[in-house]
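Heads up, the thing below is written out as structure tokens.
The values are calculated or read from the model by the stated rules, or taken from the named source; none is laboratory data. Everything quoted here is computed from the prediction, not taken from an experiment. Note that each Cβ is placed from the backbone with ideal geometry, even for glycine, and that neighbours are counted across all protein chains shown.
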Amino acid sequence: MMRHVKGARCVRCGRTYEAVPNLTSCECGGILDIEYDYAYIRENFTKEKLAERRNYSMWRYRELLPVEDSTPDTPLRVGWSPLYEEKRLAEELGIGCLWVKDDGLNPTASLKDRASAMAVAKASEAGASVIACSSTGNAASSLAGNAAAAGFKTYIFVPSRAPKGKVAQLLTFGATVISVEGSYEDTFELSKEAIDRWGWYNRNAAINPYLSEGKKTVALEIMEQLGWEVPDYIAISVGDGCTIAGLWKGLKDLYAIGFIDRLPRLISAQAEGCCPLNRAIETGEDWRPMEENTLADSIAVGVPRNADKALMAIRESGGLTVNVSDQEIMDAQKLLGRSCGVFGEPAGVTGTAGVKKLCEQGRLPSDAKVVSVVTGNGLKDVANAIRFCGEPITIPGKMDLLLQEFDKRGITP
Ligand SMILES: *Cc1c(COP(=O)(O)O)cnc(C)c1O
Ligand SMILES: [Zn+2]
């Protein structure tokens with residue numbers, strides 16, 4: 001019995017459910033949203049109490065997480081990633097303040113660890129021993145890692161285009177990996193059939209409503225790290241839409257319990273070649289499937305599974321949408337690397353690419369305070385980084401040759 005959780009409600013038809021550990025989607029096909037007893041939480045949770053807490057992981061926010069008191073923290077240290085203030089980059093972009101939240105520093109190197117740790121906690125409450133998911137890569141590698149640490153077996157379905165770094169993680173963490181020759185959509189459908197057939201615990205973000213509750217901890221951290229001073233905007237990349245929905249949920253939770261006194265606006269960044277959710281916001285029409293034409297594999301989602309929650313989050317926040325080209329994504333990767341020392345994967349830096357583009361378009365006020373979340377680590381996909389960032393100076397180990405090369409390239413040490 002989770003005293004602080006009221007239940008789950010369908011975001012489409014409003015039907016309510018008891019918050020059992022293996023909740024899936026509503027009978028009507030809609031996604032469920034976990035509802036809390038905020039009055040109860042307000043009585044039992046204070047900023048002071050939190051400030052004294054030594055647990056520097058996502059589990060420091062247990063009062064706002066849908067787990068039983070008796071459920072142990074998952075073993076890997078997920079969350080409490082650094083939030084860097086980037087003064088030089090803010091100046092270069094022409095905005096008031098910029099913070100970069102580097103969620104690529106999670107244990108399996110993406111924000112997805114927050115959802116996977118939650119999946120592992122709920123699977124243990126459900127008494128399951130096997131967890132499965134389909135993923136463009138990071139949901140899979142984070143599930144495989146977090147499950148391995150907690151002693152669960154995993155079956156993972158990935159599209160065959162998933163980058164090698166992510167597949168290497170899966171195999172290293174001991175998952176049974178099924179690489180599906182087809183789109184993410186094909187991968188998802190096969191995983192669904194297999195999960196139904198064998199009754200595995202389901203870590204598909206579109207179906208399992210607990211996962212965005214794990215992801216919301218990124219918002220709780222950002223606000224605590226900012227000393228509860230609310231920024232004007234938070235930018236993040238969007239694929240299925242579970243992450244941005246989780247981000248918004250965390251912010252609304254904090255508002256509901258009085259930890260913050262206003263809400264920031266969201267910036268939803270998608271790739272030009274695959275932006276069904278942003279297109280829906282921009283046209284005011286229902287979302288329509290799109291091709292998956294971007295090298296940012298983690299957000300190449302033509303059929304977004306969390307569309308309802310994501311669109312609601314962007315609209316409710318008075319959010320901005322921005323679509324960036326692959327070139328703009330890779331430029332942002334370099335920019336973050338050069339000016340911040342942060343190496344993000346293409347989808348990881350898409351939020352920052354979006355911020356840069358909004359600045360260039362004059363769509364952000366010059367005093368705007370902006371947080372940009374880097375959602376995944378660049379080491380996941382070195383092939384694209386190498387393709388875009390140029391070659392090193394390659395010479396035999398001789399000083400005169402080094403001098404020659406420096407001279408030729410105008411490098412003056
Ligand atoms: C999954 C992912 C996203 C997008 O999250 P969605 O819930 O699919 O919208 C963004 N960046 C990275 C690195 C991811 O792995
Ligand atoms: Zn419903």
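Checking each residue in segment 22-47 for being assigned to a loop (DSSP other than H, G, I, E, B) and either over 29 Å from Gly258 (Cβ atoms) or within 16 Å of ligand 2 (Cβ to nearest atom) (or both) picks out Asn22, Leu23, Thr24, Ser25, Cys26, Glu27, Cys28, Gly29, Gly30, Ile31.
The single condition among (1) in contact with a helix residue (DSSP H, G or I) (Cβ under 7 Å, 6 or more places away or on another chain); (2) closer than 30 Å to Asp253 by Cβ; (3) surrounded by 24 or more Cβ atoms within 10 Å (Cβ to Cβ) that Cys340 does not meet is (3). Among residues of segment 79-93 that are under 15 Å from Gly337 (Cα atoms) and of a type in the set (Gly, Ala, Ser), those with a Cβ under 8 angstrom from a residue that is part of a loop (DSSP other than H, G, I, E, B) and at pLDDT 95 or above, sequence gap 6+ or separate chain, pair up as Ala90/Gly96. Restricted to segment 198-243, and to residues that are within 12 Å of ligand 1 (Cβ to nearest atom) and in contact with a Pro (Cβ under 6 Å, 6 or more places away or on another chain), which residue is nearest to Asn138 (Cα to Cα)? Checked segment 198-243; the qualifying residue nearest to Asn138 (Cα to Cα) is Asp240.
Candidates Glu27, Glu48, Glu63: the one that is free of Cβ contacts under 8 Å to residues at least 60 places away in the same chain, more than 16 Å from ligand 1 (Cβ to nearest atom), in contact with a His (Cβ under 7 Å, 6 or more places away or on another chain) and farther than 25 Å from Ser129 by Cα is Glu63. Restricting the first member to segment 160-179 and to residues that are touching a residue at least 12 places away in the same chain (Cβ under 8 Å) and crowded, with 18+ Cβ neighbours inside 10 Å, and the second to residues that are hydroxyl-bearing (Ser, Thr, Tyr) and outside any strand (DSSP E or B), the beta-carbon pairs closer than 6 Å and six or more apart or on different chains are Lys166/Ser141; Gln169/Ser141; Leu170/Ser141. Within 22 Å of Asp33 (Cα to Cα), touching a helix residue (DSSP H, G or I) at 6+ places or on another chain (Cβ under 7 Å) and within 12 Å of ligand 1 (Cβ to nearest atom): does that describe Gly250? No. Residues in segment 6-24 that are away from ligand 1 (no atom under 16 Å from the Cβ) and under 25 Å from the mean Cα position of the chain (by Cα): Gly7, Ala8, Arg9, Cys10, Arg12, Ala19, Val20, Pro21, Asn22, Leu23, Thr24.
The listed residues are Leu226, Leu220, and the only one of them that is surrounded by fewer than 24 Cβ atoms within 10 Å (Cβ to Cβ), touching a Gly at 6+ places or on another chain (Cβ under 9 Å) and touching a residue at least 24 places away in the same chain (Cβ under 8 Å) turns out to be Leu220. Any residue at all in segment 95-105 that is in contact with a strand residue (DSSP E or B) (Cβ under 8 Å, 6 or more places away or on another chain), over 30 Å from Lys356 (Cα atoms) and assigned to a strand (DSSP E or B)? Checked segment 95-105: no residue is in contact with a strand residue (DSSP E or B) (Cβ under 8 Å, 6 or more places away or on another chain), over 30 Å from Lys356 (Cα atoms) and assigned to a strand (DSSP E or B).
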